[in-house]
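These notes are about the structure you will find just below.
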Amino acid sequence: VLLYPDKFLMHARLVSTSDFSKLHVQKLRESVRGDERWVSFELIGPNQERKTTERLVHRNVRLRSRNGATAKYPVALLGICLGNQYIEVDFALDEREGLSYQMLLGRNFMMGHVYIDPSSTFTADPECQNQGTLAYRDDKL
């Protein structure tokens, strides 16, 4: 998956057990500019490449973890290239380490657009011509 506008390569996992999409980042910092909330964070690629970026915070969401506790996460809209499709996705931003996949694409993202074959991995390289052709927008978070 390429993450736009930075065109930063990340490995993503399709997660049928979660409704929501999450992006695991480092150095997560929220700030206020005028009357808008922004978040800056560091992305970590599959070979430990790092890229600092920032996005407008659309809202916060409370999600329940595996142990039953709830936590509040900032949500940012990010464009991704998956195969030959450019898609805008609302991601809950989470600061955690030691995960195999930094990007988790949940059921709301997949519904009606993605089919899972559990026997296959890394089946499509990102091949979007540009980010201007929006295939669909997942904003159900």
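Descriptive notes on the structure:
Residue by residue, here is whether (1) open to solvent by 30 Å² or more (accessible area, probe 1.4 Å); (2) within 26 Å of HIS113 (Cβ to Cβ); (3) basic (Lys, Arg); (4) touching a residue at least 24 places away in the same chain (Cβ under 8 Å) holds:
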residue	(1), (2), (3), (4)
VAL15	no, yes, no, yes
SER18	yes, yes, no, yes
HIS24	no, yes, no, yes
SER31	yes, no, no, no
ARG37	yes, no, yes, yes
THR52	yes, no, no, yes
ARG59	yes, yes, yes, no
ASN67	yes, no, no, no
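- Counted residues, segment 63-82 - those being modelled with pLDDT under 90 and among the charged types (D, E, K, R): 2
- Filtering segment 39-50 to residues that are surrounded by 15 or more Cβ atoms within 10 Å (Cβ to Cβ) and more than 15 Å from the chain's Cα centre (by Cα) leaves nothing.
- Check on GLY83, open to solvent by less than 50 Å² (accessible area, probe 1.4 Å) and within 16 Å of PRO126 (Cα to Cα): yes
- The lone criterion from (1) in contact (Cβ under 8 Å) with a residue 60 or more places away in the chain; (2) over 23 Å from ASN47 (Cα atoms) left unmet by GLU88 is number (1).
- Filtered by the rule that a residue be open to solvent by less than 30 Å² (accessible area, probe 1.4 Å) and part of a loop (DSSP other than H, G, I, E, B), segment 1-13 gives VAL1, MET10.
The values are calculated or read from the model by the stated rules, or taken from the named source; none is laboratory data. Not measured: the values here are computed from a predicted model. Heads up, the Cβs are rebuilt from the backbone with ideal geometry, glycines too, and the neighbour counts pull from every protein chain shown. For accessibility, only protein heavy atoms count, side chains too; no ligands or nucleic acids. Shrake-Rupley method; radii C 1.70, N 1.55, O 1.52, S 1.80 Å.
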